[in-house]
Structures are given as C-alpha cells and as structure tokens.
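Visitor: If you scroll down you'll find the structure; I have some questions about it.
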Amino acid sequence: MKKNILLFLISTLIFAAVSCKSVPDGFRAIKPEVLKDKIAGGWAGKMIGVTYGAPTEFRAQSKIFRDSIIWKPSDIKGSLWQDDVYVQLTFLMSMDKYGINAPAKKFQEMFAKAGYPLWHANMQARKNYYDSIFVPASGNPEYNIHADDIDFQIEADYIGFMCPGMPETASAIAEKIGHIMNYGDGVYGGIFVGALYSEAFFESDILKIIGKALQSVPAESDYHKIINDVIILYKQYPYDWQLAWKELESKWGDVDICGAGSTFNIDAKLNGAYIVMGLLYGEGDPMKTLEITTRCGQDSDCNPSNAMAVLGVIKGFSGLPVNMREGVKAIGDSIFINTTYSFNSAVTSTEKYARYLITRDGGKINDKDILVKTQLAAPPVEEVSFPNVVFDKSVSVFDKTGWIFKGSWKPFEVTSEKDKKVTKQSMYAEKIGDELDIDFNGSGMSIEGNWYKDGGKADIYVDGNLHRTIDTYYNFANQQHTVSIWHVLNLKQGDHKIKIIVKGEKRSESAGTRVYITSATIFRTAPKKNESWKFSFEK
C-alpha cells in the first residue's frame, strides 16, 4: 500500500512538471474550443444584460431603482434592436471592409454614414464628420461637449472579446476607435471594459480582474479614482451595496458635463462604477449581478450589459444558466438590425480576429492549443476633458435678462400632438447680420439650440474674437435634436461676452438658413472633490 501511494505521488509530480513545461515562460495557454466558448459567452452576456435592464433605462436618476424588474429569457430577442450591440457591430463591419489596421477615419466614416439614429458623443461625432472634423478632433472636448459620456464604454466590448489576455493590444485598438467620439475618461471607459474582458479569459476572481483591468487606465484620471473608490467601498461594506452606492453618489453623482444641472448622468465614470459595483456585489451570480447593476440606476441597460458580458467571458457560454443559453440560441442566426451580423456570425468573426491578433502579437496557434504571449497593461498618457469645470446655472432664451436680440429674431412654436397646446420652443433668426449677445461670469458656456433640416450657419465670437463658425443643419437618419450647438470651456474665470451673428448661409442639403437658440448653460472653475479615498477604509 505504501509503495503504491509513493508511486502515485511520484507520477503526480512528474505529470505536474511536464504540464508546467508545456506552457513556455511568457505565454498563457487556452484551448481553441475554450476561446470560442468564452467569446460566445461575452456576446451572449451583452445581449442578456441589455434586455434585462432595458425597461429601467434612466428611470432612476440619482436614486436606486426600487420597482420590480421582470425579465424572461425570451426577452433576449430584444437585443436584436439594441444600439448597445448594433453600433459596435458597425465597427466590426468596418474591420471586415477595410481591414483591422485601417485608419481611424475609415471607421468614423462608416459609423457616420450608418442609417440609424445616434445620441450624445456618437451623434456629435457623426455631425463632426459631416462638418469635416475628423478623428481624433471629432471626440476632442474642443469639438465634442460629450467627450466624457458613456458612448465608447458601451461599444468597446468586441475589442476585449478579440484580445484574450492581451490588454496592451486591446488598449491600442480602443485608443484608435474611442477617439472617434470620446476623449479622456470617455475613452478610458472603453479601455477599462475592454481590459475587463481581456483579463476574464484567464482569471475568474472578479476583484483580481478589476484590479488588473484598472492598470490599463491612467492612475491620475478620475476614471481610475472612481473605480478605486468602488473597491474601497466594497471592502468597507462587503454585504451592503446600497450603503456603498449612497457614499459613491454623494461624491460622484453630479460629475457630468452633459447632464449639468440635472439628475441625468450619462458620464462614463459613474456608469462604469456601477458596472464594477454589480460585479463585486453580484459575486459571480448572473441574476444577482444583473439586478444590482440595474438597480444602481442611470444608464441601466448599458451597465448590466457590460457586467453580464464580463461574467459571460469568465464562465463561457457553456457555463451560463441553461435558460439564458436557450434564449440566445433561439435567435442565434437572427440578424441584428443595421448590421450583417447575427450572434453566431459575430462569435465566428470575433474568434477569427482574436486568432489574427494573437499570432500578430507573438502568440502561437495549433490544432490543440493556443499560446497567448503575456502582455502587461500599458495605460495611455492622461487626458482631461474638462479640468475643474463645474455647473453654475442655465439661462432660457426666453429669460430676457442677459440676452440682447438684434435683427429679426422670432419665437419658434410647436404644437403638441396630444393636446394641441402651442408652446415656444426656441428663438430663431435666418437673415445675414441677425445678432444675439449674452454676457456671463464664469469660465465656460454651452449654447443650446436645434439641429434641424433647415439649419444654417453662424459666427460665434468670444470677447470680441471669432471662436468658430457653426453649422446647425442636421437631418441624418431622419433625426433632429435640441442639443449643444456650440460651447467654449476652460476660459479664465471672470466676465465674458458671447456674440452670435447669423451668416444667412447654409450647406447645400439644408432647407434654410435658420439658427435656433433655446438656452445657455454657464460653467465656472472650482476644484472638484474627486480625489480618491485612501485605503483607510480597509479593515
């Protein structure tokens, strides 16, 4: 008996030694079938999460979502119409058409010319393309007030899915694509979620995955600080996510330039923190992760979508609950709108690109094994979109105080379809030389107005100097909007004069030369309370 035990121990040690030697130093091994299974799990998680949270989107702003959440696997069919999926598939289609190493402008072009509606940073990036403002300027805060918004964070999944254990490769792709519509923390959101997926191919400990992914984000950035705060709060309140949520909200809840002055927050940082909160407190349980991430509120279809996709990569498609797998399989060959892709073909294509990137960046592939060359995270140089910029106040164009109208400005009236009530929406002018002035004290201003199909051009002066000529035409995907039509930030704190002069000119597509104004948002300079908490909370 003792002899048999000894022989068993020796054979076990020999097997372990052989196994260790089978993976060369500097590489990590993954079976081909496991790679595909994890990619499938990621895409499935994205589809599951977005449909789970879809009915709650922005229904809880600066508060926890308390209503019932009703979801069933057949709801996954709704992912076929979700922009969280089809927008990023446009970038995958761009790779198919132009090659994975194509210039960023090619990706922006295909994205801008896609026939579907866009919002926030994405919409501004499309508008910038047609105004000949190309990547990376298209996402720069000088031309995109939505630079820190969530857009790229919810569109970077495919990058992480095709970069298993390759955070440096994922970051390089993310920097190129992310600057089409975002900058700074907005880009870091995409880099971070891409790194989460990259790490999840080889690690199952969620806290370790988050910690490693955070190494891809500049340590000085607000994005890094807020994720670090979530980790600290988790250590302080390991059994009460709602207490952690309240402390996070008190510190970061109003840090959003896009939603300044309201409870609406579409900033990548806070929503990224909710992804992490759901992952930590969900403890690897799919339904618990979905519920917590969704109940955190704000963009509560995007955030559970990202969180569930991380679990999908960790567990693989084969490790997801049976009912979820069946729900995805039922629509496996159905085409996502505005794309040429289905779930099954997206998995196949992503695996193809993953294999290409693995070998391109020093890995090795054969029929039985895939060896991924180990990479260290390489955070980019820090970018700050809006340093020390905070909301001061908003001034309606119908508040006569502060506005000086010169020329033939008129109210633009709209009639409600429901009750036929007529309301004044904006003031507009269309003749050359029509002028609108506003003085303010602060360090920045956003002029809100309408991008319409009869929009024209105007020159905008800051303190007597021409800042920019704007073009307010927009009629892409039959979409017209009330948006920030111009902004200037990071001025010296003090008194400033803004002058808007209508040019009476238009682009060829426009039906008119009108310039519509609805309001002005004023910003000031003040230190933001965004320093990360220290680890004094640790027990």
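The values are calculated or read from the model by the stated rules, or taken from the named source; none is laboratory data. Here the structure is a predicted model, which means the values were calculated and not measured. In this analysis, Cβ positions are derived from the backbone assuming ideal geometry, glycine residues included, and neighbour counts consider all displayed protein chains.
Visitor: For the stretch 160-266, give me every one of the helices (runs of 4 or more DSSP H) that falls completely inside it and has 3 or more residues that are over 26 Å from ILE30 (Cβ atoms) and of a type outside the set (Gly, Ala, Ser). Break it down stepwise before answering.
Guide: On the way: elements: 167-178, 185-200, 206-214, 222-236, 241-252.
So the answer is 185-200, 222-236, 241-252.
Visitor: Same structure, new question: Say we look at the stretch 458-470 and pick out the residues that are over 30 Å from the mean Cα position of the chain (by Cα) and surrounded by fewer than 19 Cβ atoms within 10 Å (Cβ to Cβ); which of these is nearest to ASN490 (Cα to Cα)?
Guide: VAL462
Visitor: Given the criteria under 17 Å from SER74 (Cα atoms), surrounded by fewer than 20 Cβ atoms within 10 Å (Cβ to Cβ) and touching a residue at least 24 places away in the same chain (Cβ under 8 Å), does SER305 qualify?
Guide: Values: under 17 Å from SER74 (Cα atoms): yes; surrounded by fewer than 20 Cβ atoms within 10 Å (Cβ to Cβ): no; touching a residue at least 24 places away in the same chain (Cβ under 8 Å): yes.
The answer is no for SER305.
Visitor: Name the residue that is surrounded by the fewest Cβ atoms within 10 Å (Cβ to Cβ), counting only residues in the stretch 230-261 that are in contact (Cβ under 8 Å) with a residue 60 or more places away in the chain and polar (S, T, N, Q).
Guide: The residue in question is GLN242.
To keep it simple, each residue is scored yes or no on (1) buried (at least 18 other Cβ atoms within 10 Å of the Cβ); (2) farther than 30 Å from GLN493 by Cβ.
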position: GLY316; (1), (2): yes, yes
position: ARG325; (1), (2): yes, yes
position: GLU351; (1), (2): yes, yes
position: ILE358; (1), (2): yes, yes
position: GLY363; (1), (2): yes, yes
position: ASP367; (1), (2): no, yes
position: PHE405; (1), (2): no, no
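Visitor: If you don't mind, another one. Determine whether VAL255 is of a type in the set (Val, Ile, Thr) and more than 18 Å from the chain's Cα centre (by Cα).
Guide: No, not satisfied.
Visitor: Let me ask something additional. Of all the residues that make up the stretch 271-300, how many are crowded, with 24+ Cβ neighbours inside 10 Å and in contact with a helix residue (DSSP H, G or I) (Cβ under 7 Å, 6 or more places away or on another chain)?
Guide: Total satisfying the criteria: 19.
Visitor: Please go through the stretch 132-149 and give me each residue that is assigned to a loop (DSSP other than H, G, I, E, B) and not small (Gly, Ala, Ser), ordered by number.
Guide: Going through the stretch 132-149, the residues assigned to a loop (DSSP other than H, G, I, E, B) turn out to be 132-136, 140-148.
Correct list: ILE133, PHE134, VAL135, PRO136, ASN140, PRO141, GLU142, TYR143, ASN144, ILE145, HIS146, ASP148.
Visitor: Let me ask something else. Among the residues of the stretch 150-159 satisfying the criterion of being in a loop (DSSP other than H, G, I, E, B) and not acidic (Asp, Glu), which is nearest to TYR274 (Cα to Cα)?
Guide: Per the criteria, the residue is ILE150.
Visitor: Of the residues that make up the stretch 99-112, is at least one under 30 Å from LYS364 (Cα atoms), in a helix (DSSP H, G or I), of a type outside the set (Lys, Arg) and modelled with pLDDT of 95 or more?
Guide: yes
Visitor: Separate question: Which of the residues that make up the stretch 63-95 are part of a helix (DSSP H, G or I) and either touching a strand residue (DSSP E or B) at 6+ places or on another chain (Cβ under 8 Å) or among the β-branched types (Val, Ile, Thr) (or both)? Give the derivation first.
Guide: Looking only at the stretch 63-95, we keep the residues that are part of a helix (DSSP H, G or I), and these are 73-81, 83-95.
Listed by number, the residues that qualify are ILE76, LEU80, VAL85, VAL87, THR90.
Visitor: Among the residues of the stretch 380-415, count how many are in the same structural domain as ALA520 (by TED's automatic domain parsing), among the charged types (D, E, K, R) and in a loop (DSSP other than H, G, I, E, B).
Guide: 2
Visitor: Answer yes if at least one residue in the stretch 361-368 is part of a loop (DSSP other than H, G, I, E, B), outside the structural domain of ASN144 (by TED's automatic domain parsing) and out of contact with any Pro (no Cβ under 8 Å at 6 or more places or on another chain), and no otherwise. Can you show your working first?
Guide: Start the filter on the stretch 361-368 by keeping residues that are part of a loop (DSSP other than H, G, I, E, B), which leaves 361-363, 366-368.
Imposing the further condition that a residue be outside the structural domain of ASN144 (by TED's automatic domain parsing) reduces the set to none.
Looking for residues that are part of a loop (DSSP other than H, G, I, E, B), outside the structural domain of ASN144 (by TED's automatic domain parsing) and out of contact with any Pro (no Cβ under 8 Å at 6 or more places or on another chain), one finds none in the stretch 361-368, hence no.
Visitor: So, one more: List, please: which pairs have Cβ atoms under 7 Å, are six or more places apart or on different chains, and start with a residue in the stretch 28-41 that is under 17 Å from ILE365 (Cα atoms) and end with one that is at pLDDT below 95 and hydrophobic (A, V, I, L, M, F, W, C)?
Guide: Hits for this filter: ALA29/VAL23.
Visitor: Now, a different point. Select from the stretch 27-74 the residues that are among the acidic types (Asp, Glu) and under 30 Å from MET166 (Cβ atoms) and write down the one among them that is surrounded by the most Cβ atoms within 10 Å (Cβ to Cβ).
Guide: Going through the qualifying residues, I end up with ASP37.
Visitor: Restricting to the stretch 407-419, and then to whatever is loosely packed, with under 14 Cβ neighbours inside 10 Å and farther than 19 Å from LYS453 by Cα, can you tell me which residue is modelled with the highest pLDDT?
Guide: Ranking the qualifying residues of the stretch 407-419, first place goes to SER408.
Visitor: Could you list, in sequence order, all residues of the stretch 442-457 that are touching a residue at least 60 places away in the same chain (Cβ under 8 Å), assigned to a strand (DSSP E or B) and more than 28 Å from the chain's Cα centre (by Cα)?
Guide: Initially, the stretch 442-457 is screened for residues touching a residue at least 60 places away in the same chain (Cβ under 8 Å), giving 442-452, 454-455.
Subset that is assigned to a strand (DSSP E or B): 442, 444-452, 455.
Passing the criteria: GLY442, GLY455.
Visitor: Out of the stretch 113-131, which residues are free of Cβ contacts under 8 Å to residues at least 60 places away in the same chain, assigned to a helix (DSSP H, G or I) and surrounded by fewer than 21 Cβ atoms within 10 Å (Cβ to Cβ)?
Guide: Scanning the stretch 113-131 gives a single hit, TYR129.
Visitor: Next question. Quick one: in the stretch 420-452, of everything that is over 14 Å from THR482 (Cβ atoms) and basic (Lys, Arg), which residue is surrounded by the fewest Cβ atoms within 10 Å (Cβ to Cβ)?
Guide: Taking the stretch 420-452 first, the residues over 14 Å from THR482 (Cβ atoms) are 420-422, 429-445.
With the extra rule that they be basic (Lys, Arg), the set shrinks to 420-421, 431.
On the way: LYS420: 7, LYS421: 9, LYS431: 14.
If we take residues in the stretch 420-452 being over 14 Å from THR482 (Cβ atoms) and basic (Lys, Arg), then LYS420 is surrounded by the fewest Cβ atoms within 10 Å (Cβ to Cβ).
Visitor: If you go through the stretch 300-314 one residue at a time, do you hit one that is over 19 Å from GLY190 (Cα atoms) and under 23 Å from the mean Cα position of the chain (by Cα)?
Guide: no
Visitor: Right, next: Kindly list the number of the only condition in (1) within 26 Å of the chain's Cα centre (by Cα); (2) surrounded by 14 or more Cβ atoms within 10 Å (Cβ to Cβ) that fails for THR374.
Guide: Answer for THR374: the failing condition is (1).
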